[in-house]
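A quick write-up on the structure given underneath.
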Amino acid sequence: MKKDSLSKINLKKRLWVAFSFATFAPLAILVYYLVNFKTLSWFAILVVGFVIFVGWWFIFNVFSSILKIQNKSFKTLESIGGSLKFKEIEIENEVERLDMVFNILSSKVKESVEELKKVSFKTEELNKAITQKVNIFSAILQAHALFSQGTSAQDILQFLVDRLREIINMKTIVAFFKKKSDVFDYFLCGINPARVDILLNKEDFKTILKERKEEIIDKAHSKERFTFHKDILGLKNILMFPIKSSKENVGVILAGNSKEDFSFSSEDCEIVELFTHYMGILWEHNLLSERIQDLEIYDSLTGVYNEKFLLERLDEEIKRAVTYRRPCGFILFRIDNYYSLQKDLGLVETEKVFKKIVNEIKSNMRPIDIIGRIGEDKIGIILIEKNKRQSKEIASFLKEKISSLKENKLNISFIVVETPLDGESAFQLFNCAQKKLGTSSSS
Amino acid sequence: MKPEKKEKLIGEILVEREIITPHQLERALEVQQKEGGLIGEIIVRLGFATEEKIAQCLSFQYGFPYLPLENYEISEEVLKLVPVNVCQHYCLIPLDKIGNTLTVAICDPLNKEAIEDLEELTSLNIQVFVSTSSDIRKAIEKYYKQNE
C-alpha cells in the first residue's frame with residue numbers, strides 16, 4: 001500500500017517542478033534575453049522550448065502516476081467487489097473517477113470497521129457465554145469433588161447457592177427444601193436469615209412453597225400475585241423455580257435483585273433449572289443418608305450400639321423402670337486421653353484399644369445390661385434395675401478391669417447417673433451425665 | 001426381671017395367706033404377661049384382693065408396720081427432702097424426720113433399691129412403713145401440690 005501512496009511518489013513536488021518548468025523558467029529565460037540582448041536568438045528559443053518540454057514531461061509523469069493509482073485502486077475495488085456499484089455511475093473525468101473510487105473504498109472500509117465492531121461485540125458475548133458455561137460446569141465439577149471427598153450435602157448445597165449467585169449475578173439466592181410436612185430447611189446467600197424466617201411464616205409464601213411451581217416477576221412479567229419479595233426481601237425482580245428430585249418437587253429456589261427495568265433472560269432460567277436439578281439430587285441423597293443413619297444401630301468400629309440407639313434403649317428401659325417402680329442406672333465412661341492417643345498411635349491403633357476396652361466391659365457385665373458407644377471417646381452402659389449405689393460398684397469394678405489391660409496409658413473417667421434420682425428420661429439422664437463428666441476430670 | 005433378693009414373690013405370699021387362690025394368681029400372671037404391670041396392682045384391678053389386704057399381708061410377712069395415710073400430716077421440711085419425681089417413681093412419701101432417721105411410707109417395702117436411693121439422696125437412715133399405693137398417690141398429690 002505504501003508504494004501506491006501519493007506521498008511516496010511526491011506528487012506535490014513534481015507538480016511544482018512541472019509548473020515551474022512550463023511557466024516560470026521559460027518566462028525567466030525570455031525576460032533575461034530580452035533585457036540583455038534586446039532580441040531572441042534561435043538558441044534562446046531552443047532553450048525555452050526544451051525547458052517547456054521538460055515541464056510538460058513532468059506534468060505527463062504526474063498524470064501517469066495518478067492514472068496508475070486510479071487503475072490500482074480500481075483493481076482493489078474490483079477485488080473487494082465494489083466495482084459493480086462503480087460501473088453503474090458513468091464518469092469520464094479521471095480525477096472524479098479517482099475521487100469516486102476513494103469514496104467507495106472509504107465507505108467499504110467504514111462498512112468493514114462496522115462489521116468488525118459487530119463481530120467483536122458478538123465475540124465478547126460469546127466469550128461471556130463460554131465463561132458462564134465454564135463457570136457452571138466448574139461449579140458442578142467442584143460440587144462433585146466435594147461430594148466424593150465426603151463433604152456433607154448441606155455444605156455442598158451452600159456452595160452451589162453461593163456459586164449460582166455469582167454466575168447469574170443476583171443479589172439474593174435462597175434455596176428452600178422440604179424436610180417434614182410443613183418444615184423447610186434453607187440455604188441462603190445475600191440476605192439475613194432472620195428475614196427468611198419471617199418469610200417462612202407469611203401465608204402467601206407458604207402457598208408458593210406448597211405449590212412449588214415456576215414464578216417470575218420482572219419487567220416482562222409484571223403480574224404480581226404477591227408482595228413478599230418487596231416487603232420482606234427488598235427485591236424488585238424475583239425468579240422462583242421448583243427443585244425436583246427423581247420423584248417429586250422437594251423445594252423451591254428463589255433468585256432476585258433490585259435492578260430497574262430488569263428482565264430475567266432465558267439463559268438465567270436455564271442455569272437456575274440446571275442448578276435446581278443438581279440440588280434436588282443432592283437433597284434426595286441427603287435425606288436417604290439421614291434415613292440410613294436413622295436405621296443404623298451399631299457403631300461400625302466396635303460393633304456395640306451407636307449413641308442414637310443406646311439412648312433409644314435407655315428411654316425404653318426408663319419407661320420400664322417407671323412401670324415396675326424399679327431404678328435404672330447409667331454409666332458414662334470416658335477415655336480422657338483418647339485424642340492424645342489418636343495423635344500418638346494413629347486412628348486405627350486407638351480404635352483397636354477402644355475395641356479392647358469395649359470387649360473387656362462386655363465380658364464383665366451382665367448379659368441383660370446394654371452397652372453402646374457415645375461420640376468418639378465415650379462408652380455408655382445401661383444397668384437394668386440397678387440403683388446408684390449398685391451402679392457405682394459396677395462402674396468401679398469395670399474401671400479396675402479396664403485399668404488392668406496392657407494399655408497402661410489409659411486415663412478413664414466415669415459418671416454414674418440413675419432414674420429417678422438424676423432424671424426421668426434418657427435425655428435428662430444423658431445430659432446430667434455429660435454435665436457431671438464435663439466438670440470432673442477423673443472419677 | 002423380678003429382683004432375686006426377694007425371698008418370696010408377693011403372689012406366692014398372697015396364695016400362702018389364702019388371700020387369693022392359686023387359680024387367681026395364675027390368671028393375674030397371665031394378665032401381667034400380656035399387659036405388663038405390677039402383680040399387686042393387677043390382683044387389685046381384677047378384684048381378687050383389696051390394696052389394704054395386700055399391704056397388711058406384706059406388713060405381717062416382713063414385719064413392716066402398716067400405716068394408713070388418711071389422717072397423717074406431713075411437714076414441708078420433710079417433703080423437701082425427697083423430690084416429687086422420686087416419690088412418684090417408687091410410690092413412696094416421706095412422713096417424718098427424727099434425728100438421722102427419715103420415716104417413709106412405701107407401697108413395696110421390699111424395693112431395696114428404692115430405700116438405698118433414699119439413703120443416697122438424703123444421707124439419712126430410712127425407716128419404712130407400708131401403705132397402699134392409692135393412699136400414697138393421694139398424699140403425693142395433696143402435699144406436693146400444696147407446696148408447689
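According to the Cα-based calculation, Rg over Rh for the protein assembly as shown is 1.47, with Rh computed by the Kirkwood formula.
Taking amide H atoms as placed 1.01 Å from N in the peptide plane, the amide H of residue A:337 lies under 5 Å from those of A:411, each 5 or more residues away in sequence or on another chain.
Count charges around residue A:309 for me, please; just the other residues with Cβ under 12 Å from its Cβ, Lys/Arg as +1, Asp/Glu as -1. Walk me through the numbers before you get to the answer.
Numbers: positive: A:308, A:313, A:373; negative: A:294, A:296, A:299, A:307, A:312, A:315, A:316.
That works out to -4.
Average partner chain C-beta neighbours within 10 Å, per residue of B:116-122? Please report the intermediate quantities before stating the final value.
Details: counts 5, 9, 2, 3, 6, 3, 0.
Partner Cβ neighbours, averaged per residue: 4.
Around residue A:141, under 13 Å between beta carbons, what's the net of Lys plus Arg minus Asp minus Glu among the other residues?
On the way: positive: A:133, A:163; negative: none.
Every neighbour counted, the sum reads +2.
Taking 0.36 nm per residue of separation and subtracting the Cα-Cα distance, full extension of the segment from residue A:125 to residue A:15 would add 34.4 nm.
The residues A:57, A:283, A:42, when put in order of fewest to most other Cβ atoms within 10 Å, stand as A:42, A:57, A:283. Multiplying the residue separation of residue A:80 and residue A:405 by 0.36 nm and removing their Cα-Cα distance gives an extension gain of 107.4 nm. Taking amide H as placed 1.01 Å from N in the peptide plane, residue A:250 has its amide H under 5 Å from the amide H of A:243, A:244, A:245, each at least 5 places away in sequence or on another chain. Per-residue Cβ neighbour counts within 10 Å put B:43, A:318 in the sequence A:318, B:43, beginning with the fewest. Between residue A:182 and residue A:425, the contour length at 0.36 nm per residue exceeds the alpha carbon distance by 84.7 nm.
Within chain B, how many lysine pairs that are 8 or more places apart, or on different chains, have C-alpha atoms less than 18 Å apart? Lysine pairs meeting both conditions in chain B amount to 10. Near residue B:22: Cβ cut-off under 14 Å, other residues only, Lys/Arg at +1 and Asp/Glu at -1. The net charge is -3. As a proxy for reagent exposure, B:129, A:74 were ordered by neighbouring Cβ count within 10 angstrom, fewest first; the result is A:74, B:129.
Relative to the longest principal axis of the Cα atoms of chain B, the long axis of helix B:22-35 lies at roughly 70 degrees. Under a GNM of chain A (C-alpha, springs under 10 Å), which listed residue has the highest mean-square fluctuation: A:306, A:286, A:36? With Cα springs under 10 Å in chain A, the top fluctuation among A:306, A:286, A:36 is at A:36. For region A:240-278, which GluC sites (Glu not before Pro) are in a loop by DSSP, counting at most 14 other Cβ atoms within 10 Å? Sparse-neighbourhood loop GluC sites (Glu not before Pro): A:248, A:260.
Distances between placed amide hydrogens fall under 5 Å for residue B:95 paired with B:103, B:104, B:105, all partners being 5 or more residues away or on another chain.
With a 10 Å cut-off around each Cβ of B:87-100, the average count of Cβ atoms from other chains is 2.
Membrane-span-like helices in chain A: DSSP H runs reaching 15 Å or more (Cα, own axis), mean Kyte hydropathy at least -0.5? Before the final figure, lay out the partial values.
Working: long enough: A:25-37 (18 Å, 1.77); A:42-79 (54 Å, 1.14); A:94-148 (78 Å, -0.01); A:153-168 (22 Å, 0.45); A:266-295 (43 Å, -0.11); A:307-323 (24 Å, -0.61); A:347-364 (26 Å, -0.36); A:388-403 (22 Å, -0.98); A:426-439 (20 Å, -0.01).
Flagged H segments are A:25-37, A:42-79, A:94-148, A:153-168, A:266-295, A:347-364, A:426-439.
Please compute, for peptide A:176-189, the average count of beta-carbon atoms on other protein chains lying within 10 Å of each residue's beta-carbon. Before the final figure, lay out each step's value.
Values: counts 0, 0, 0, 0, 0, 0, 0, 0, 0, 0, 0, 0, 0, 0.
Average per residue, whole number: 0.
Ranking A:126, A:434, A:32 by Cα position along the charge dipole of chain A, where only Lys, Arg, Asp and Glu carry charges on their C-beta atoms, puts A:32 farthest toward the positive end.
Checking the cross-link pairs A:117/A:236; A:352/A:386; A:180/A:388; A:108/A:133; A:308/A:436; A:180/A:362 against a 28 Å limit on the alpha carbon distance flags A:117/A:236; A:352/A:386; A:180/A:388; A:108/A:133; A:180/A:362 as lying beyond it. Give the distance, in whole Å, between the Cα centre of region A:333-372 and the Cα centre of region B:31-101. Cα centres, region A:333-372 to region B:31-101: 43 Å. Restricting the GluC sites (Glu not before Pro) of region A:161-233 to loop positions (DSSP other than H, G, I, E, B) with no more than 16 neighbouring Cβ atoms within 10 Å leaves A:214, A:224.
Values in this text are rule-based calculations from the coordinates and carry no lab data. Since this is a predicted model, take the numbers as computed values, not measurements. Cβ sites come from the backbone with ideal geometry, for glycine too, and all protein chains shown count toward neighbours.
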